[in-house]
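The values are calculated or read from the model by the stated rules, or taken from the named source; none is laboratory data. Because the structure is a prediction, the values reported are computed rather than measured. All Cβ positions, even for glycine, are placed from backbone atoms using ideal geometry, and neighbour counts span all protein chains on display. For accessibility, only protein heavy atoms count, side chains too; no ligands or nucleic acids. Shrake-Rupley method; radii C 1.70, N 1.55, O 1.52, S 1.80 Å.
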Amino acid sequence: MDLLNVKTSKIKMTKIKVSGLLERTRLDLYLVKHLKENRTTVGKLLDQKLVLVNDQLPGKAGLLIENGFIIEIENLSAKPTSLLPSKNKLKIVYEDNDLIVVDKPKHILVHPTTFNEGNTVVNILLKKIKIKEFKDSLRPGIVHRLDRDTTGLLVIAKNKKTCESLIAQISNKTLIRKYLALVHYNFVDQFLLIKVPIDRSKQNSLKMVVSDDSKAKPAQTEVTVLENYKNGSLIECRLLTGRTHQIRVHMAYIHHPVFNDELYGKYDGYKDYGQFLHAHSLSFIHPTSHKFLQFNSNPDKTFNNLKSKLKDAK
């Protein structure tokens, strides 16, 4: 392997000339080995279109490469060590001296990842959070998370004491998170409890899977069927645990994948929208006032349009 334009820190190289292969090899496996990174990081590189092969996007992680290929890793910096505030705005549903509840839109991360994104919920709210109180300076105040393309309610703690209290409430089930989802196919039962462990896929580092591996984490989702349609259903999911992609994984597991979820189901024609999943209800006990607080949020126009389309289908 020849490295071109190499910088000194880990994974700052911008170009690789492939050599020394005895046979054609999957792109993702090659990058894991030669960058000495895990499959999660490499998967994110590919997912965010930061990798070019012979001046073209590879299209898939399983692309077979061979000697002589040129691999370029674009716009990649080292993991950030500090945050910069963003001038973008979020819809703030509630705010006091201890916490903020926001209604997160599509296409925005909750906090920066390896790729040093600057327009995240944390960056936008940075000036409101007492950063020095938190050990993790890149994720200060994070109580729970929403996927990039999952919309809806999210609570952020302004100080450490509030953060610890809210995280404890997730464990003792007094912080309640409910989601609306449009999923494929009909249900026979109105209520379901999905109780199967989740682990990261060994075949695709971007995916989580139901697993009986000893390292898999317990995961529980309560499902209430609100409406059955001819070609789908509107459901409400309550998270009893908070695993990565939990609702999406559990719904795919019971063969009711979320609409337009390309990772766990299929593309349903809604370009640049992502999965039809919305965090519509959030409630908890305020850590300081000890009052019960509940917030609700409506899905966006695209979500409601698909709901109407499914409802009207004959």
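Summary table
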read-out	value
Filter result (β-branched (Val, Ile, Thr), open to solvent by 30 Å² or more (accessible area, probe 1.4 Å) and within 17 Å of Met208 (Cβ to Cβ)) within segment 220-250	Thr244
Close pairs from segment 179-207: first on the phi > 0 side of the Ramachandran plot, partner surrounded by 15 or more Cβ atoms within 10 Å (Cβ to Cβ) and not in a strand (DSSP E or B), Cβ under 6 Å, at least 6 apart	Tyr185/His256
Test result for Lys36, modelled with pLDDT under 75, exposed (fewer than 12 other Cβ atoms within 10 Å of the Cβ) and not hydroxyl-bearing (Ser, Thr, Tyr)	yes
The one condition in (1) within 26 Å of Leu306 (Cβ to Cβ); (2) of a type outside the set (Phe, Trp, Tyr); (3) part of a strand (DSSP E or B) that Asp199 fails to fulfil	(1)
Output for segment 79-105, where each listed residue is open to solvent by 80 Å² or more (accessible area, probe 1.4 Å) and either in a strand (DSSP E or B) or at pLDDT 95 or above (or both)	Lys91, Asn97
Yes/no for Val225 being hydrophobic (A, V, I, L, M, F, W, C), part of a loop (DSSP other than H, G, I, E, B) and over 30 Å from Lys44 (Cα atoms)	no
Pairs where the first residue, in segment 258-270, is part of a loop (DSSP other than H, G, I, E, B) and the second is small (Gly, Ala, Ser), C-beta under 7 Å, 6+ apart	Phe259/Gly232; Asn260/Gly274; Tyr264/Ala252; Gly265/Ala252
Every residue from segment 282-314 that is touching a strand residue (DSSP E or B) at 6+ places or on another chain (Cβ under 9 Å), touching a residue at least 12 places away in the same chain (Cβ under 8 Å) and among the basic types (Lys, Arg)	Lys307, Lys311
Check on Leu52, part of a strand (DSSP E or B) and modelled with pLDDT under 85	yes
Total residues in segment 160-186, condition open to solvent by 60 Å² or more (accessible area, probe 1.4 Å), β-branched (Val, Ile, Thr) and in contact with a strand residue (DSSP E or B) (Cβ under 8 Å, 6 or more places away or on another chain)	0
Candidates Leu138, Leu153, Leu126 - the one that is more than 16 Å from Gln294 (Cα to Cα) and within 17 Å of the chain's Cα centre (by Cα)	Leu138
Residues within segment 159-176 that are assigned to a loop (DSSP other than H, G, I, E, B) and within 22 Å of the chain's Cα centre (by Cα), tallied	2
Residues within segment 251-263 that are at pLDDT 95 or above, open to solvent by 30 Å² or more (accessible area, probe 1.4 Å) and either touching a helix residue (DSSP H, G or I) at 6+ places or on another chain (Cβ under 9 Å) or closer than 15 Å to Leu310 by Cα (or both), tallied	0
Test result for His278, open to solvent by less than 60 Å² (accessible area, probe 1.4 Å) and at pLDDT 95 or above	yes
Segment 49-60 residues that are on the phi > 0 side of the Ramachandran plot, paired with ones that are surrounded by 12 or more Cβ atoms within 10 Å (Cβ to Cβ) and not charged (D, E, K, R) (beta carbon under 8 Å, 6 or more apart)	Lys49/Leu57; Asn54/Phe69; Asn54/Ile70; Asp55/Ile70
Qualifying positions in segment 296-314 - open to solvent by less than 20 Å² (accessible area, probe 1.4 Å) and over 15 Å from Leu234 (Cβ atoms)	Ser297
Count of segment 203-250 residues which are more than 26 Å from Leu166 (Cβ to Cβ) and not polar (S, T, N, Q)	14
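Here's the yes/no breakdown for (1) within 18 Å of the chain's Cα centre (by Cα); (2) at pLDDT 95 or above:
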{"position": "Lys178", "(1), (2)": "yes, yes"}
{"position": "Ala181", "(1), (2)": "yes, yes"}
{"position": "Ser201", "(1), (2)": "yes, no"}
{"position": "Ser205", "(1), (2)": "yes, no"}
{"position": "Met208", "(1), (2)": "yes, no"}
{"position": "Asp213", "(1), (2)": "no, no"}
{"position": "Gln246", "(1), (2)": "yes, yes"}
